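Right, one structure below, let's go through it.
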Amino acid sequence: MVCGGRHRVSSTILGIIASGGAAAAGATSFESIATASGTGSSGTITFSAIPGTYKHLHIRGIARTTTAIDDDQDIYIRFNSDSGNNYATHAVRGTGGTVGTNELASTSSMFALRGARGNNSSSNTLGASMIDILDYASTSKNKTMRAFAGNEDNDTTGDVAISSGLWMSTSAITTIQLLTAADNWTTQTTFALYGIKEA
């Protein structure tokens, strides 16, 4: 699914995202750019024609894949349809009482760990994620991302993860693709893209 367009939302949502750092970055305006949902027949959700008028971008999502497992699923991210090995990710995650780390370099996408559930999970159970993309419109620096994601199905397969990502390109970001590791996004999946302005 491809989405464009823009509409305003109340800036009161800043209170919700303050702990995520957007408010600390000096944000005074938080605007909705677009919302997109899964179709059940595609593993890619795309935000295109992103305006370059904001300081940072923020994505919030709830996600479930058509993969026939009762387990957590990763969310992969590409910018400007770049599928080259130009991404790197570091992450710390927890599963119950176990803590682990992940490090991926020179990959064809970066990922927000464990932000989705497989389709054999309990009905209406989805993962959740919050993703910040910093200085996305800059043409003088590589792009960085940070994410907080998790999921739970009242069992031992739930996860929570904090990750950071790097896109080794100085191009301004105009397109974002959110991809599943396998199969497709279910129709319950929804991602919302926001722009953050500074004073």
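Summary table
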{"item": "Out of Thr139, Thr156, sole residue that is modelled with pLDDT under 95 and either of a type outside the set (Lys, Arg) or part of a loop (DSSP other than H, G, I, E, B) (or both)", "result": "Thr156"}
{"item": "Residues of segment 37-46 classified as in a strand (DSSP E or B) and more than 20 Å from Leu113 (Cα to Cα), total", "result": "0"}
{"item": "Answer residue from segment 174-183, given it is outside any strand (DSSP E or B) and closer than 24 Å to Leu57 by Cβ and is least open to solvent (accessible area, probe 1.4 Å) among those", "result": "Thr175"}
{"item": "Hits in segment 48-78 (condition: of a type in the set (A, V, I, L, M) and either in contact with a helix residue (DSSP H, G or I) (Cβ under 9 Å, 6 or more places away or on another chain) or in a loop (DSSP other than H, G, I, E, B) (or both))", "result": "Ala49, Ile50, Ala68, Ile69"}
{"item": "Of residues in segment 81-104 being open to solvent by 50 Å² or more (accessible area, probe 1.4 Å) and in a loop (DSSP other than H, G, I, E, B), the one nearest to Gly118 (Cα to Cα)", "result": "Gly96"}
{"item": "Pick from segment 163-173, criterion assigned to a loop (DSSP other than H, G, I, E, B) and of a type in the set (A, V, I, L, M), ranking: surrounded by the fewest Cβ atoms within 10 Å (Cβ to Cβ)", "result": "Met168"}
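Yes/no matrix, rows are residues, columns are (1) within 15 Å of the chain's Cα centre (by Cα); (2) among the acidic types (Asp, Glu); (3) at pLDDT below 90:
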{"residue": "Phe79", "(1), (2), (3)": "yes, no, no"}
{"residue": "Tyr87", "(1), (2), (3)": "yes, no, no"}
{"residue": "Arg93", "(1), (2), (3)": "no, no, yes"}
{"residue": "Ala116", "(1), (2), (3)": "yes, no, yes"}
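The values are calculated or read from the model by the stated rules, or taken from the named source; none is laboratory data. Keep in mind it's a predicted model, so treat the numbers as computed, not measured. Quick reminder, even Gly has a Cβ in these numbers, built from the backbone with ideal geometry, and neighbours come from all protein chains shown. For accessibility, only protein heavy atoms count, side chains too; no ligands or nucleic acids. Shrake-Rupley method; radii C 1.70, N 1.55, O 1.52, S 1.80 Å.
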